[in-house]
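Data first, discussion second: the structure below is written as structure tokens.
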Amino acid sequence: MKILAIDTSTHVMGVALAEDNKLLGEYVTNFKKNHSLRLMPAIHELLKELDIKPQDLDAIAVAKGPGSYTGVRIGVTTAKSMAWALNIPVYGVSSLKVLARNGTYFSGVICPFIDARRGQVYTGLYKMGAEHQIKTIISDHIVAMEDWLHYIKEKNEPVLFLSQDYDLHHSLISESLADQAVVGNGMDMLPKPSVLLSLAFEQEKPISAHALVPEYTQRTEAEKKWLEKKEGKTDA
Amino acid sequence: MNIEKEQIKDDEIILAIETSCDETAAAVIQGGSSILSNVVASQIESHQRFGGVVPELASRHHTENITWVVEEALTDAGVIFADLDAVAVTAGPGLVGALLVGVNAAKAIAFAHGLPLLPVHHIAGHIQAARLERPWHYPALALVVSGGHTELVLLKDEGEYEVIGQTRDDAAGEAYDKVARSLNLSYPGGPQIDKLAREGETIIPFPIAWLEEGSYDFSFSGLKSAVINKLHNAKQKGEVFRKEDVAASFQRSVIEVLTEKTKRAAAQYGVKQVVVVGGVAANKGLRQSMKDIFSNTEVELTIPPLALCTDNAAMIGAAAHIQWKKNIQADWNLNGKADLALF
């Protein structure tokens with residue numbers, strides 16, 4: 001069974017291909033450049049290199065968010081359109097879970113996060129279980145980092161932080177948690193499409209291409225304001 | 001994927017995708033003129049409460065709907081992937097986040113089935129909606145009027161577009177929506193103003209921006225402000241204007257400049273055909289005025305039906321026919337662009 005993996009949910013763009021949980025190829029870039037322009041050439045190159053035709057694919061796995069709205073849409077749209085066109089299923093996997101899975105051998109809770117601007121982060125809590133199965137302790141959501149760290153502090157157990165945006169929140173994390181915080185090392189901070197493939201092969205459930213939608217974790221600004229206004233009126 | 005010129009057939013079947021604003025659309029077009037299917041999923045109800053299109057919301061809806069809409073287009077047309085010769089998509093201009101959904105979907109579908117990818121300019125699409133009605137007679141002139149565009153385009157030959165005039169500020173449709181809002185009409189206001197105008201009288205003197213002599217450019221922001229100020233001042237003084245009269249007077253100013261400049265350009269360039277396309281081409285007042293001007297002339301007037309004037313993918317498939325014949329293909333690095341020169 002051959003699965004193609006796509007992750008464009010952050011600045012990191014990743015494409016990988018595996019057959020029966022054996023990685024055949026992986027392409028990752030980590031710099032701010034246009035995913036919409038570069039994703040399909042990357043997929044094309046990888047498949048060409050491996051001498052695999054689109055028709056040989058059995059499924060497509062994609063990081064469905066949270067992350068950059070546009071980035072997530074590029075990956076999800078490409079994955080669902082290609083899967084639909086090939087009549088194969090898709091795996092929509094949390095982009096935070098992909099990152100969390102880098103903490104495979106960590107026994108405490110794992111906190112992957114992606115900066116969401118204005119002091120906020122997209123985050124969740126995960127924990128490794130038996131046979132490398134990763135469990136979701138707190139689902140992905142958007143939260144003020146300060147409030148999130150208060151919550152984590154009360155858990156009173158070691159927490160592994162994994163993020164490309166760690167430096168942005170470093171001082172707040174070390175001030176709030178001191179020794180309770182464990183910081184991921186080098187490449188473990190990077191979301192990898194090969195890890196997305198591991199999740200697809202080992203524990204995720206595939207769905208139909210039509211059903212795949214991004215996970216933004218929040219409404220659009222316009223909708224939020226509209227709802228506030230509407231609720232304000234109802235209260236009055 | 002390089003196709004030799006002698007091999008290029010002209011009854012090709014193209015799957016076309018359009019997501020430049022708030023309509024998720026897909027169509028299957030044969031030979032650039034025959035509509036095998038034309039599916040449009042409008043998001044208007046979702047944006048109405050905001051009084052206009054919310055770009056992020058439009059992009060989200062496109063992502064949710066895209067495969068459903070494309071599937072319906074294939075099913076309606078009764079074709080399978082093996083029947084397709086190419087996939088065409090609007091590459092711009094438009095809302096960039098919205099365009100990206102169509103572009104990435106088209107790339108994925110074309111890649112999956114090894115099909116050529118044809119990039120289409122949204123305005124070329126609007127203009128080529130005319131070929132879904134009847135064949136072109138060159139030289140021709142196209143008036144493109146919509147919520148985002150007001151342009152006069154000269155076509156000397158097939159696929160040769162020369163913009164001879166365009167708006168310097170608001171698009172005509174934009175002015176309609178803003179005036180409608182100041183009359184407390186719901187979004188989109190254009191059709192409502194058109195309807196009210198038929199029941200009103202042109203008794204309020206609103207300005208018409210003719211600009212410099214010989215210019216085919218347009219300007220609607222002065223007119224828009226004049227209407228808004230007039231209503232504001234009237235309210236302060238306790239005067240009341242009938243909405244119908246405001247609509248009729250405003251619409252007259254818009255239509256007069258559109259039809260007059262089209263008439264002058266048609267005469268100057270000696271065109272054989274004039275086409276009026278874009279969302280505002282649905283306006284009954286504009287249609288009538290164009291008919292009045294060109295009915296007893298040698299110039300053939302083409303105004304496609306409403307469904308082909310508002311955003312749709314059939315027009316993209318029609319425009320893609322020219323790309324197909326000229327063998328203009330995009331690479332896998334095709335991107336959506338908010339601003340894009342007409343091609």
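The values are calculated or read from the model by the stated rules, or taken from the named source; none is laboratory data. Just so it is clear, the structure is predicted and the values come from calculations on it, not from any experiment. Because the Cβ atoms are built from the backbone with ideal geometry, glycine has one as well, and the counts that use them run over all protein chains shown.
For the subset of region A:18-39 comprising residues that are of a type in the set (A, V, I, L, M, F, W, C) and under 20 Å from residue B:333 (Cβ atoms), which member is nearest to the other protein chains (Cβ to nearest Cβ)? Break it down stepwise before answering.
Step one: list which residues in region A:18-39 are of a type in the set (A, V, I, L, M, F, W, C), which gives A:18, A:23-24, A:28, A:31, A:37, A:39.
Imposing the further condition that a residue be under 20 Å from residue B:333 (Cβ atoms) reduces the set to A:28, A:31, A:37, A:39.
Numbers: A:28: 18, A:31: 17, A:37: 4, A:39: 7 Å.
Step by step, filter region A:18-39, then rank; the result is A:37.
Six or more apart or on different chains, Cβ under 7 Å: which pairs go from a residue in region B:42-59 that's more than 9 Å from every other protein chain (Cβ to nearest Cβ) to one that's of a type in the set (Lys, Arg) and part of a helix (DSSP H, G or I)? Could you list them?
B:51/B:181
Would you call residue A:49 within 12 Å of chain B (Cβ to nearest Cβ), part of a helix (DSSP H, G or I) and modelled with pLDDT of 95 or more? Before you say what the answer is, go through the steps one by one.
Values: within 12 Å of chain B (Cβ to nearest Cβ): no; part of a helix (DSSP H, G or I): yes; modelled with pLDDT of 95 or more: yes.
Answer is no for this residue.
Give me the pairs: first residue in region B:206-219 and over 23 Å from residue B:179 (Cα atoms), second residue among the small types (Gly, Ala, Ser), beta-carbon distance under 6 Å, and six or more apart or on different chains, which are they?
Listed pairs, sorted by first residue: B:216/B:165; B:216/B:265.
Just to be sure, is residue A:113 in a loop (DSSP other than H, G, I, E, B), surrounded by 14 or more Cβ atoms within 10 Å (Cβ to Cβ) and of a type in the set (Phe, Trp, Tyr)? Walk me through it before giving the result.
On the way: in a loop (DSSP other than H, G, I, E, B): no; surrounded by 14 or more Cβ atoms within 10 Å (Cβ to Cβ): yes; of a type in the set (Phe, Trp, Tyr): yes.
No: the conditions fail for residue A:113.
Has region A:200-212 got at least one residue that is within 30 Å of residue A:107 (Cβ to Cβ), touching a residue at least 12 places away in the same chain (Cβ under 8 Å) and among the aliphatic types (A, V, I, L, M)?
Yes, region A:200-212 contains a residue that is within 30 Å of residue A:107 (Cβ to Cβ), touching a residue at least 12 places away in the same chain (Cβ under 8 Å) and among the aliphatic types (A, V, I, L, M).
Counting just the residues of region B:148-171 that are farther than 26 Å from residue B:53 by Cβ and assigned to a loop (DSSP other than H, G, I, E, B), which one comes out modelled with the lowest pLDDT? Let's see the steps before the verdict.
Restricting attention to region B:148-171, the residues satisfying the condition of being farther than 26 Å from residue B:53 by Cβ are B:154-160, B:162, B:164.
From what's left, assigned to a loop (DSSP other than H, G, I, E, B): B:156-160.
On the way: B:156: 97, B:157: 97, B:158: 94, B:159: 91, B:160: 96.
The extreme case among them is B:159.
When region B:64-84 is examined, which residues are found to be under 23 Å from the mean Cα position of the chain (by Cα), within 14 Å of residue B:106 (Cβ to Cβ) and within 11 Å of chain A (Cβ to nearest Cβ)?
So the first thing to find is which residues in region B:64-84 are under 23 Å from the mean Cα position of the chain (by Cα), and the list is B:65-66, B:69-70, B:72-73.
Checking which are within 14 Å of residue B:106 (Cβ to Cβ) leaves us with B:66, B:69-70, B:73.
Correct list: B:66, B:69, B:70.
So is residue B:121 surrounded by 20 or more Cβ atoms within 10 Å (Cβ to Cβ), assigned by TED's automatic domain parsing to the domain that holds residue B:243 and of a type outside the set (Val, Ile, Thr) or not? Lay out the reasoning, then the answer.
Working: surrounded by 20 or more Cβ atoms within 10 Å (Cβ to Cβ): yes; assigned by TED's automatic domain parsing to the domain that holds residue B:243: no; of a type outside the set (Val, Ile, Thr): yes.
For residue B:121, the condition - surrounded by 20 or more Cβ atoms within 10 Å (Cβ to Cβ), assigned by TED's automatic domain parsing to the domain that holds residue B:243 and of a type outside the set (Val, Ile, Thr) - is not met.
If I filter region A:159-185 down to residues being of a type in the set (Ser, Thr, Tyr) and crowded, with 17+ Cβ neighbours inside 10 Å, which single residue comes out as nearest to residue A:125 (Cα to Cα)? Please lay out each step first, then the result.
If we filter region A:159-185 for residues that are of a type in the set (Ser, Thr, Tyr), which is where we start, we get A:163, A:166, A:171, A:174, A:176.
This time we only want the ones that are crowded, with 17+ Cβ neighbours inside 10 Å, so: A:163, A:176.
Values: A:163: 13, A:176: 17 Å.
So the residue we want is A:163.
Residue check, residue A:61 against (1) within 14 Å of chain B (Cβ to nearest Cβ); (2) crowded, with 17+ Cβ neighbours inside 10 Å; (3) in contact (Cβ under 8 Å) with a residue 12 or more places away in the chain, all met but one. Which one?
(1)
Within the group B:35, B:29, B:14, which residue is surrounded by fewer than 21 Cβ atoms within 10 Å (Cβ to Cβ), away from chain A (no Cβ under 14 Å) and either hydrophobic (A, V, I, L, M, F, W, C) or within 19 Å of the chain's Cα centre (by Cα) (or both)?
Working: B:29 fails: surrounded by fewer than 21 Cβ atoms within 10 Å (Cβ to Cβ); B:14 fails: surrounded by fewer than 21 Cβ atoms within 10 Å (Cβ to Cβ).
Sole residue among the options that is surrounded by fewer than 21 Cβ atoms within 10 Å (Cβ to Cβ), away from chain A (no Cβ under 14 Å) and either hydrophobic (A, V, I, L, M, F, W, C) or within 19 Å of the chain's Cα centre (by Cα) (or both): B:35.
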